[in-house]
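A quick write-up on the structure given underneath.
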Amino acid sequence: LDGMGLVRAARERGIETDFVFLTGHGSLEGAVEAFKCGNVRDYLLKPLDDIQTLGIVVDRVLERQRLVRLAEEDALTGLL
């Protein structure tokens, strides 16, 4: 599968995970299509000018996941 195929397959199977695209064949149309598929959090083009960019993006995605979990837990607590 290519990246788009993987995102679609995950969605079809009900798998909730975040994706970061790292592509050497990027385009504006490809980026728009990726984000429309859902759960694509970033779209990077190779070669990266600075490899630390990837780490920053991954850290940002993980922090988003943590905040979403906290908000969900808070919402559940409010229901009890």
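The values are calculated or read from the model by the stated rules, or taken from the named source; none is laboratory data. Note that the structure is a prediction, hence the values are computed from the model and not measured. Positions of Cβ are backbone-derived with ideal geometry, glycine not excepted, and every protein chain shown enters the neighbour counts. When the accessible area is computed, the model is the full protein with side chains, heavy atoms only, and any ligands, DNA or RNA have been set aside. Shrake-Rupley method; radii C 1.70, N 1.55, O 1.52, S 1.80 Å.
In square angstrom, rounded to the nearest 10, how much accessible surface does Ile15 have for a 1.4 Å probe?
Surface accessible to solvent at Ile15 totals approximately 90 Å².
Among (1) 44; (2) 55; (3) 61, which one is percent of Cα pairs over 17 Å apart computed from these coordinates?
(2)
At 24 Å minimum axial length over the Cα atoms and a Kyte-Doolittle cut of 0.0, report the qualifying DSSP H helices in the chain, or say none. Can you show the working numbers first?
Details: long enough: 52-79 (41 Å, 0.11).
Result, helices passing both filters: 52-79.
Sequence gap at least 6, Cα distance under 8 Å: using those rules, report the relative contact order of the chain to the nearest whole percent.
So the answer I get is 27 percent.
I want to make sure I understand the PRE zone here: with the label point 7 angstrom from the Cα of Asp18 toward its beta carbon, which residues in the stretch 36-55 have backbone N atoms less than 13 Å away?
Inside the label zone: 39-43, 55.
Can you give the accessible area per residue of the chain, in Å², using a 1.4 Å probe?
Result: 76 Å² of accessible area for each residue.
Identify the trypsin sites (Lys or Arg not before Pro) of the stretch 40-80 meeting these criteria: DSSP loop state and at most 11 other C-beta atoms within 10 Å of the C-beta.
Sites meeting the loop and neighbour criteria: none at all.
Highest mean first, how do 19-25, 48-54 rank when packing is the count of other Cβ atoms within 10 Å averaged over residues?
Working: 19-25: 14.6, 48-54: 10.1.
Result, highest mean Cβ count within 10 Å first: 19-25, 48-54.
Using +1 on the beta carbon of Lys and Arg, -1 on that of Asp and Glu, and nothing else charged, what's the dipole of the chain about the Cα centre, debye to 20?
So the magnitude is around 160 debye.
Leaving ligands, DNA and RNA out of it, report the carbon-plus-sulfur percent of the accessible area of the chain at a 1.4 Å probe.
57
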